[in-house]
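Beneath this line is the structure, given in structure tokens, with notes to follow.
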Amino acid sequence: MFRPLITIRRIPNINFMGLHKLGFALSLLLTVGSIVLFLVQGLNYGIDFSGGTRIDIKSLDGPADLGKLRSTLDGLGLGNMSLQGLDAADEVVMIRFPRQPGDDQAQQTAVTKVKQALGDHVEYRRTEVVGPTVGKELIRAGVMATVLALLAIAAYVWLRFEWQFGIGAMLSTVHDTVTTVGLFALLQIEFNLTTLAAILTVAGYSINDTVVIYDRVRETMRKHRSMDFNLLINKSLNETLSRTILTVSTVALAVLSLLIFGGEVLRGFSIAMLWGIVVGTYSSLFIAAPLLYYIRPRGGGGAQARDKEADAVPAEAERVS
């Protein structure tokens, strides 16, 4: 007979609702801070969104001399050159420069100039040219995809449960999305299509955890109709906590593996996912569930309302008899 490697046998008794106001304040601070960072500092858009040219090279003579490379490329007159080492030894270097005036032929001419200046001592790993029109269209499509995903999530929860649950799920998922964007604005990590995919994945992960908690809340409401709603939410959160911990631990191990061994290409995706796991779990416990206390679904009236309903039933039966 197989036994699980990790078991949490005892259901904890943590007073989540006693901390929910502190959670609301922290979430408000994170959300406002993320919006301010986005408006003031902005995102470090990758070639996908900003337009321009990116060339990844590998030095065949050991670690690349970034200073020498920069002085060589600055003399080409192609605009502001951005050089970044993509590994610890600086053997792989990312070169970025803005789009050149003219058509596609002008961009290819710029790429040729760079390759001629670098010579034969490098290996070309990646060459990518993106126009400004494509970049703007990708930004517009990315924002639209995120908004539609959030609306679809809210509609799904609304149909599966009640509209109160849909509001809670929507707000917690928006919180996770906004704070993830704020993290990228703070750290100035390159924001590209892979990062956008990570944000949508974070939204899906967050709502999965929220739905599990909401399902337990609804089940507890049916079993304990006279229980105070504050205690009911606490009971539901504590009963699902073991599942939450095990799921977070499993996903975090997988994402950490991507972050450590996935290389620079998956770095932004991994950081967004790792942050999303933490903030998504936090929002499910301290935003999505506590919000139900203020916008109570049917059946969540608490002990006092249920006691009145229970007293009314025998009185009505006595009058009928």
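For Arg160, the conditions (1) in contact (Cβ under 8 Å) with a residue 40 or more places away in the chain; (2) of a type in the set (Lys, Arg); (3) not assigned by TED's automatic domain parsing to the domain that holds Phe261 are fulfilled apart from (3). For the residues Gly182, Gly166, Gly135, the requirement of being touching a strand residue (DSSP E or B) at 6+ places or on another chain (Cβ under 9 Å), among the small types (Gly, Ala, Ser) and assigned to a helix (DSSP H, G or I) singles out Gly135. When Val40 is tested against (1) within 19 Å of the chain's Cα centre (by Cα); (2) closer than 30 Å to Glu137 by Cα; (3) surrounded by fewer than 19 Cβ atoms within 10 Å (Cβ to Cβ); (4) at pLDDT 90 or above, just one condition goes unmet, and that condition is (1). All of (1) in contact with a helix residue (DSSP H, G or I) (Cβ under 6 Å, 6 or more places away or on another chain); (2) modelled with pLDDT of 85 or more; (3) among the β-branched types (Val, Ile, Thr) hold for Val147 with one exception: (1).
The values are calculated or read from the model by the stated rules, or taken from the named source; none is laboratory data. Note that this is a predicted model, so its numbers are computed, not measured. Cβ sites come from the backbone with ideal geometry, for glycine too, and all protein chains shown count toward neighbours.
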